[in-house]
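**Q** Have a look at the structure that comes next, please.
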């Protein structure tokens, strides 16, 4: 059976940053950016994190839709966010305020995100580069909610104890959103870079999977 190799350190770091060991009242907001090439294991890393999330900590994972391929992608993203929030055990329908008649899709997405962060949820936004597509246009609301959540930190009150984790398969496009000329500049508290396996990790995996003792399996490497 295949195991999870080569990510023990970053897995431990993520658990620390997401404050798994902290009491709910002691958690505070943070925004995490995870970078790594396509296929390096970002999604599997988050899958491992989800398996370890404490039962009192809602975990909401959403893959943002591609607005160039999916019509009404903003509404699709909102539906996914609400669905995953409900799946995590949150009574999101009763937590949200009533949607105003002039609340655009973008504003409503921001309101849902803020509500989730107030509950202490971990919100993972995968394929985050789509947020910068004008057809989706979520960047301004994400920036606004991060700024508001940051303002709720400190001794006077942890109003937004949740976490937002931003990641995606198009590393360069994700990084572009955080450049000095872009709205999300310095909006991440921590940047984690997921790199390819080192040679010792490859050899460890090969040994545990029996590849080294069976030359026929070398092609797996």
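**Q** I'd like the full set of residues that are touching a helix residue (DSSP H, G or I) at 6+ places or on another chain (Cβ under 8 Å) and either at pLDDT 80 or above or exposed (fewer than 15 other Cβ atoms within 10 Å of the Cβ) (or both), limited to the stretch 22-36.
**A** Those that are touching a helix residue (DSSP H, G or I) at 6+ places or on another chain (Cβ under 8 Å) and either at pLDDT 80 or above or exposed (fewer than 15 other Cβ atoms within 10 Å of the Cβ) (or both): 29, 30, 31, 32, 33, 34, 35.
**Q** Let me ask another. Go through the stretch 14-46 and report how many residues are in contact with a strand residue (DSSP E or B) (Cβ under 9 Å, 6 or more places away or on another chain) and not in a strand (DSSP E or B).
**A** 11
**Q** Could you list all residues from the stretch 95-125 that are closer than 23 Å to residue 49 by Cα and either modelled with pLDDT under 90 or in contact with a strand residue (DSSP E or B) (Cβ under 8 Å, 6 or more places away or on another chain) (or both)?
**A** Matches in the stretch 95-125: 113, 116, 117, 121, 122, 123, 124, 125.
**Q** Looking at this structure, is residue 86 surrounded by fewer than 17 Cβ atoms within 10 Å (Cβ to Cβ) and touching a helix residue (DSSP H, G or I) at 6+ places or on another chain (Cβ under 6 Å)?
**A** Here the answer is yes, as residue 86 does meet what is asked.
**Q** Report every pair of residues separated by at least 6 positions or lying on different chains whose Cβ atoms are under 6 Å apart, first residue within the stretch 37-58 and on the phi > 0 side of the Ramachandran plot and surrounded by 15 or more Cβ atoms within 10 Å (Cβ to Cβ), second modelled with pLDDT under 75 and not in a loop (DSSP other than H, G, I, E, B).
**A** Listed by first residue and then by second, the contacts come to nothing, as the list is empty.
**Q** Would you check which residues across the stretch 164-181 are touching a residue at least 24 places away in the same chain (Cβ under 8 Å), more than 20 Å from residue 30 (Cβ to Cβ) and out of contact with any strand residue (DSSP E or B) (no Cβ under 6 Å at 6 or more places or on another chain) and list them?
**A** If the condition is that a residue be touching a residue at least 24 places away in the same chain (Cβ under 8 Å), more than 20 Å from residue 30 (Cβ to Cβ) and out of contact with any strand residue (DSSP E or B) (no Cβ under 6 Å at 6 or more places or on another chain), then 169, 170, 173, 176 are the ones that fit.
The values are calculated or read from the model by the stated rules, or taken from the named source; none is laboratory data. Fair warning: this is a prediction, and the values are worked out from it, not measured in the lab. Note that we place each Cβ from the backbone using ideal geometry, even for glycine, and neighbour counts take in every protein chain shown.
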